[in-house]
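Asks: I have a structure I would like to understand better, so I am pasting it below and will then ask my questions one at a time.
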Amino acid sequence: MTKSGFALSLSISIVLLSLPALLQDADRTSAASDPSHSEMRIVPACPVGGSEQFTKNLQIIYFPDEGGAIRNPQSLTLRLVFNGRSWRDNDRTVGFQRRDDGSWQASVPLAFQWVYAIWYVRDEAGGQRDDNDGRYWDLVFCDTNGKKLSEGIRYQAGGHAGSIFSDDIKRATDYDQAISIIEQSEAGAHGMLLYDEWVFKFKRQNHSEREHQALANEIRQGLALPAADPDYLRQTAMFLVEFEDAFPSELVEQAVEISDRTPVPGMPSMRCELDRGHAESVENPAQRAKALGDWLTKYPDDRAYRDEIRKERLEALGDAGEIEAAEAQFRDLELQLSDEADLYATMASIYIEHKTKLNEALTLLDKAERKLLAQGESSGYVVVLSGSPDENRAILNVCRGEALLELREWPKAERCLRRSLHARDEAEAYALLADAQEHQGKWKNAKDSYLEASVRSSSRDQEYVEQFVRLSLKTGTPSPQAALSELEGARKRNLDAQHYKPSLVNLPLPDFTFTTSAGEKIPSSSLRGNKTVLDIWSTWCGACVSELGGFAKFHQSHPEVSLLLVASDSKIQQIMKVFRSQGISEQVIVAADGDVERFGNNGVPQTYIVDENGRIRVLHYGTLPDVVSYLEADLAAVKTGSPTR
């Protein structure tokens, strides 16, 4: 059994069946085929995924008496995730049924789009968990010829490189293992996964000049091969274009030039890709709009990115406040993308942001909703409507509410904002609703809406609390202290209503060395001996900034817990500006790209609860609905959970 296959000492059996009647024979066959691993009852087959002939059902059998970590199980549950975190409806919690031989069997229905699965087992009654010592169990699906699917291999390798499958399923980052999985696959050395392999090798480095040079030399050697495969050349060039700032410009140019000698039918040239990246990376919106326009002029026949670039240019023109130019770009796009709801929502949001042509914005929002009802989710480059259909309709109603507030049509604004709340449960939506209600003299309703805004994470948290207290006093609350007491009770009820229950993990803390603005080094080893809340954020991330006040408030209430607010991809002056705007006095901490990468490719924000032994016990990806309440619940769970070493 290879390193990239199932981990040794498994206590899970995977049984892939067309007929349930085969189950007992399959168990006997798999046990007899490898007596040295009797805990591995596996039928030697691969589930088919990614095609109409997909396997319909997956049987997973757990043997707690033959190597399993759960003792005397009472009620077992399978926690399984298909593919990657970005997929919708890919998270499963399936109950096990106990069999006569003491094993437990779970049946998982499959769908054609699944190409990879990862899981663990937990005992709901006893609070035990078996995740194979943090390795979990996983399975790459196959094509109809029994060959492992490249996309499944990519998900498997990505899991070892830090990708997250769910809040309770994350492997320790091991780039060597990720690289090994790709190299042992047919799609590795010269196939579609070579790009991933280069990325993992790059991120495995400690970002020293010597290691950069070694990787650059390895790439040069491959480019110099007289019979280099065109796929190898293109995948290598794609990697260098993506990470061009880390490599000599002459090497990037060499790879692009060599790759473009053998064009790939239907694919843009690597020169086109390189120029696109340059245009998109321009920070100033007006200059970015010009660079994107120049790209469109240079590549008039491009079919892969033309509409996306025009949409990006529309967004940049809106950010720059160039309304007439944005309108012209919108009209041009409408000729090609007349069915795209997000196009109309984007132009409407530009009008609303700049408080101009608000009635036209409302017309565009109505058109966007009609397109949304006809088409479902948005596709391509999305600016405004990036959620599910329900979430997108809620976004449209929030936009309507903002426009109607500017038009002083308070009742209409209130109705739109109320319709948004079932799918857009955010502080800002409640605050806008409160504004509409207060303008109508509905003081009690406005107070309640500000209360709802105050119990949700937001960069304007303090403002919403002040408004809640003001209206509380206006509506009969005897004192500010009584209002704040009501707020704390609401926060607890809000947490209880979400049924939040921390999921404990036991993962090693990656090696890192963060740096404060004063030049002080904070190595990962320094976290041992004290509980720590570690938040990775960035100044460009609005959701990250909205949480900072909550973290600071938590630290004021719990000074015994260390707090590290670690900024990535941000300059010290930018961080200090954000801190000042949020009234935060925490020390400024920055991280190099290499340090952040060791936590995985999970975007921002990322929040980790680290115990006294330097082990990650709880992790969150994305914003927390209520920072203080969630962190307090996390720490309580760590305190009562099994100790680490």
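Asks: Normalised by the residues of the chain, what does the relative contact order come to in percent, with Cα pairs under 8 Å and at least six apart?
Replies: 8
Asks: Restricting attention to segment 266-310, which GluC sites (Glu not before Pro) occupy a DSSP loop and are surrounded by at most 10 other Cβ atoms within 10 Å?
Replies: E283
Asks: Another one. What is the packing order of peptides 111-118, 393-400, 439-446, 367-374, taking the mean over residues of other C-beta atoms within 10 Å and listing the highest first?
Replies: 393-400, 111-118, 367-374, 439-446
Asks: Give the ranking of K56, K447 by solvent-accessible surface, highest area first, calculated with a 1.4 Å probe.
Replies: Order by accessible area, largest first: K56, K447.
Asks: For segment 361-426, what percent of Cα pairs sit more than 15 Å apart?
Replies: Result: 50 percent of Cα pairs exceed 15 Å.
Asks: Under 18 Å from the Cα of K311, which lysines turn up, not counting those fewer than eight places away in the same chain?
Replies: K290, K298, K367, K371
Asks: Moving to a separate point now. Hey, can you find the accessible area per residue of segment 503-554 for me, probe 1.4 Å, expressed in square angstrom?
Replies: 38
Asks: What whole-number distance in Å separates the alpha-carbon centres of segment 50-117 and segment 299-338?
Replies: Comparing the Cα centres of segment 50-117 and segment 299-338, I get a distance of 46 Å.
Asks: Straight-line reach from K447: which lysines have a Cα under 27 Å away, not including same-chain ones fewer than 8 places off?
Replies: Hits, sequence-local ones excluded: K355, K412, K474, K492, K553.
Asks: Now for a separate question. Cross-link partners among lysines for K521, C-alpha distance below 19 Å, same-chain residues fewer than 8 apart left out?
Replies: K531, K571
Asks: Debye calculation, C-alpha points only, no solvent: report log10 I(q)/I(0) for segment 68-124 at q = 0.13, 0.14 Å⁻¹, in the same order as the q values.
Replies: For segment 68-124 at q = 0.13, 0.14 Å⁻¹, log10 I(q)/I(0) is -0.38, -0.43.
Asks: Specify which residue in the list A125, L373, F112 is farthest towards the positive end of the charge dipole of the chain, using unit charges on the beta carbon of Lys, Arg (+1) and Asp, Glu (-1), about the Cα centre.
Replies: Farthest along the dipole direction, towards plus: A125.
Asks: While we're here: For segment 589-645, what ratio Rg/Rh do Cα atoms give with a Kirkwood hydrodynamic radius?
Replies: 1.00
Asks: Turning to a different aspect of this structure: Among bridges DSSP assigns within segment 485-579, what percent are antiparallel (round to 5)?
Replies: 35
Asks: Return the carbon/sulfur percentage of the accessible area of segment 576-618, one whole number, probe 1.4 Å, all protein chains in place.
Replies: Carbon-and-sulfur percentage of accessible area, whole number: 45.
Asks: When the helices in the chain are scored as -39500 (n - 2.57) per DSSP H run of 4 or longer and the sum is shared across all residues, what 222 nm value do you end up with, to the nearest 500 deg cm²/dmol?
Replies: -14500 deg cm²/dmol
Asks: So, one more: Using every alpha carbon pair in segment 104-161, what percent of pairs falls into each 10 Å bin from 0 up to the bin containing the largest distance?
Replies: Once binned at 10 Å, the Cα pair distances of segment 104-161 give 19, 43, 30, 8, 0.
Asks: Further question on the same structure: So how far, in whole Å, is the C-alpha centre of segment 210-248 from the one of segment 617-633?
Replies: About 41 Å separates the Cα centre of segment 210-248 from the one of segment 617-633.
Asks: What's the carbon and sulfur percent of segment 115-204's accessible surface, probe 1.4 angstrom, rounded to a whole number?
Replies: Solvent-exposed carbon and sulfur of segment 115-204 make up 44 percent of the total.
Asks: So, one more: For S517, what charge total do you get from the other residues with a beta carbon under 12 Å from its beta carbon, if Lys and Arg give +1 and Asp and Glu give -1?
Replies: With Lys, Arg at +1 and Asp, Glu at -1, the neighbours total -1.
Asks: Determine the distance separating the Cα centre of segment 414-480 from the Cα centre of segment 550-578; give it in Å without decimals.
Replies: Segment 414-480 and segment 550-578 have Cα centres spaced 26 Å from each other.
Asks: Set Lys and Arg Cβ to +1 and Asp and Glu Cβ to -1, take the dipole of the chain about its Cα centre, and tell me which of L548, Y464, S163 lies farthest positive.
Replies: Y464
Asks: Taking C-beta distances below 4.7 angstrom as the pairing criterion, name the unpartnered cysteines of the chain, in sequence order.
Replies: Among the cysteines of the chain, those whose Cβ sits 4.7 Å or more from every other are C272, C399, C416.
The values are calculated or read from the model by the stated rules, or taken from the named source; none is laboratory data. This is a predicted model, so every value here is computed, not measured. Don't worry about glycine lacking a Cβ; one is built from the backbone with ideal geometry, like all the others, and counts go over all protein chains shown. We work out accessible area using only protein heavy atoms, side chains counted, and drop any ligands, DNA or RNA first. Shrake-Rupley method; radii C 1.70, N 1.55, O 1.52, S 1.80 Å.
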